[in-house]
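Enquirer: Please find one structure pasted underneath; my questions will follow.
The values are calculated or read from the model by the stated rules, or taken from the named source; none is laboratory data. Small disclaimer: the values here were computed from a predicted structure and weren't measured. Cβ: placed from backbone, ideal geometry, glycine included. Neighbour counts: every protein chain shown.
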Amino acid sequence: MFDHKFEYRLSIKKSMNNIKTKIKMKSKLTLATTLIALSIVSFAFTNIVQKTKPWPVPEKNAKTPNPVKSDKESLATGKSLWNLHCASCHGKTGLGDGSKAAQLKTQPQDLTTSAMQSQSDGSLFFKISEGRDDMPSFKKKISDPDDIWSVVNYMRTLKKS
Amino acid sequence: MDFKTKDVKLTINIGKRLLTTGVCLVACLLLMQTTASAQDTTAAAKDAVIPAKAKPVKNTFQSIWIIDNQTVMVPVKGTFEMDIQHRFGTVNNGYSDFWGLYASSNIRIGVDYAPINNLYLGLGFEKYDELWDGSAKYAIIKQTRGESPVSITYYGNLSLDTRADPTKSLFSHYTDRILSFNEIIIARKFTDNLSIQVSPSITHQNAVPGYLTKNDSTGRTIFEEMKHDHFAISVAGRYKLGDATALLIDYDQPLTKEPTNNPNPNLSFGFEFSTSGHTFQLFMGNYSLLNPGKNALFNTNSPFDYTQTGGGKVKGGKFLIGFNITRLWN
């Protein structure tokens, strides 16, 4: 009889302890969730900041005229280079929906919009050549500057009409 | 018995072989000239519109490799490259080793760097023979409209067998471990999609196996199983299927007739997939080694059936699966 009582008490104590630890765990969980949520929010926030981070182009570069005529040959070169070097992130048609885009910290911008297309040839050339953050520099990857100008020419054909 | 197997010779009709190679080369040259003249007219028409200096043709090949051979390509100054190459076992065992994929494989890991324009230096290590190799590649002439119909590149490779040999049973002298390979690569980009290259080469081995056939008071004669210098030629081509995919084919033909142990030719074919920083080549071929000189001298896998000197017929079709991966940083 005594033994039973003792066991009963023990079990109550145990269950109380269990509840306590559960509460403790719960509070820990809440804390963890809050932290994760906060970090997601802050990450999302930095993402927003990165999206709109301006990319200044020196005036001299922005004003450089495109020396390569946008003819059939230049567009063919540009298209071939676009498919090899650019399409995996920027997408086949420049929408920023390439297969690698989702893994990037910076979402590639939609290059078909008039806001993007209003940039000068010189600005696009500068950005392709120099790169920034996730966007690599293509100075050596496309070693002939005329070929980068051809890519710029091809990018013009991506504009939504 | 041992002596007999050593002395087995492969009957390869050297005359026929030279004739075939000759015909191939002449055909290539003829093709070259017709396209060259066709391109010159368009070049002239364009020059009339924009008087600009002609630039060398770009991207004759996408990688420095075309399966088992070097291409004419020398990457731009400042390029750093890493190569990973695998050759699996031959497919002949079928399912038991999954067509060679689970057989013992050969691996080479290499790095290359372009310190100045037109020069590429490389260093690599191959599993088989624990072979280190150093290489240098220099672009001598680049195919340019109105200037040169072909691109010409020199490639040299020096390899060192670093297997432990405490009893000196493999190498009597340290220099016996060294093998040199020199080749001239002549290539032409015929159209945007088709590029072909021909590369004659010479491989020199410092030591060859041999034995005494006469050793008495009148003197000694030594029978050398192989010659020290071995000539070979390879023809390789690429056909682009799209901006990132291409078909590759490569054929290597030994030219020097060795006293014994004649090496076999190599026929390989496969695909190339490119991205901005990588090229990936997946193919089937006969070469299992990952050094151009060793392959030229010691290839035992034959693509074709052949008859040995003793009349024994040897089945060909000894193909294996392999891949080359390159990563470029520039």
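Enquirer: For the condition at pLDDT below 95, touching a helix residue (DSSP H, G or I) at 6+ places or on another chain (Cβ under 8 Å) and crowded, with 18+ Cβ neighbours inside 10 Å, what is the one hit in B:Met284, B:Met226?
Expert: Selected residue: B:Met226, the only one of B:Met284, B:Met226 that is at pLDDT below 95, touching a helix residue (DSSP H, G or I) at 6+ places or on another chain (Cβ under 8 Å) and crowded, with 18+ Cβ neighbours inside 10 Å.
Each row is one residue, and each column tells you yes or no for (1) within 21 Å of B:Pro263 (Cβ to Cβ); (2) small (Gly, Ala, Ser); (3) within 14 Å of another protein chain (Cβ to nearest Cβ); (4) in contact (Cβ under 8 Å) with a residue 24 or more places away in the chain.
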{"residue": "B:Leu131", "(1), (2), (3), (4)": "yes, no, no, yes"}
{"residue": "B:Ala136", "(1), (2), (3), (4)": "no, yes, no, no"}
{"residue": "B:Ser148", "(1), (2), (3), (4)": "no, yes, no, no"}
{"residue": "B:Ser159", "(1), (2), (3), (4)": "yes, yes, no, yes"}
{"residue": "B:Lys168", "(1), (2), (3), (4)": "no, no, no, no"}
{"residue": "B:Asn193", "(1), (2), (3), (4)": "no, no, yes, yes"}
{"residue": "B:Leu212", "(1), (2), (3), (4)": "no, no, no, no"}
{"residue": "B:Arg220", "(1), (2), (3), (4)": "no, no, no, no"}
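Enquirer: Another question about this same structure. Restricting attention to segment B:229-244, which residues are at pLDDT 95 or above and of a type outside the set (Ser, Thr, Tyr)?
Expert: Hits for segment B:229-244 are B:Asp229, B:His230, B:Phe231, B:Ala232, B:Ile233, B:Val235, B:Ala236, B:Gly237, B:Arg238, B:Lys240, B:Leu241.
Enquirer: Also, quick follow-up: For segment A:56-131, list the helices (runs of 4 or more DSSP H) that sit wholly inside it and hold at least 1 residues that are touching a Phe, Trp or Tyr at 6+ places or on another chain (Cβ under 8 Å), within 11 Å of chain B (Cβ to nearest Cβ) and surrounded by 15 or more Cβ atoms within 10 Å (Cβ to Cβ); which are they? Walk me through how you get there before you give the answer.
Expert: Values: elements: A:59-62, A:72-81, A:87-90, A:114-117, A:121-130.
Where helices (runs of 4 or more DSSP H) fall fully within segment A:56-131 and carry at least 1 residues being touching a Phe, Trp or Tyr at 6+ places or on another chain (Cβ under 8 Å), within 11 Å of chain B (Cβ to nearest Cβ) and surrounded by 15 or more Cβ atoms within 10 Å (Cβ to Cβ), they are A:72-81.
Enquirer: Being within 30 Å of B:Thr309 (Cβ to Cβ), among the polar types (S, T, N, Q) and surrounded by fewer than 19 Cβ atoms within 10 Å (Cβ to Cβ) is the filter; apply it to segment B:242-281 and report the residue that is farthest from the other protein chains (Cβ to nearest Cβ).
Expert: In this case the residue turns out to be B:Thr260.
Enquirer: Residues in segment B:90-111 that are part of a strand (DSSP E or B) and either modelled with pLDDT of 95 or more or loosely packed, with under 14 Cβ neighbours inside 10 Å (or both): how many?
Expert: 6
Enquirer: If you don't mind, there's one more thing I want to ask. Test of understanding: among A:Ser80, A:Ser70, which residue is in contact (Cβ under 8 Å) with a residue 24 or more places away in the chain and of a type in the set (S, T, N, Q)?
Expert: A:Ser70
Enquirer: Then there's this: Across segment B:58-78, which residue is farthest from B:Asn157 (Cα to Cα) among those that are within 14 Å of another protein chain (Cβ to nearest Cβ) and either acidic (Asp, Glu) or surrounded by fewer than 19 Cβ atoms within 10 Å (Cβ to Cβ) (or both)?
Expert: Applying the filter and picking the extreme gives B:Lys58.
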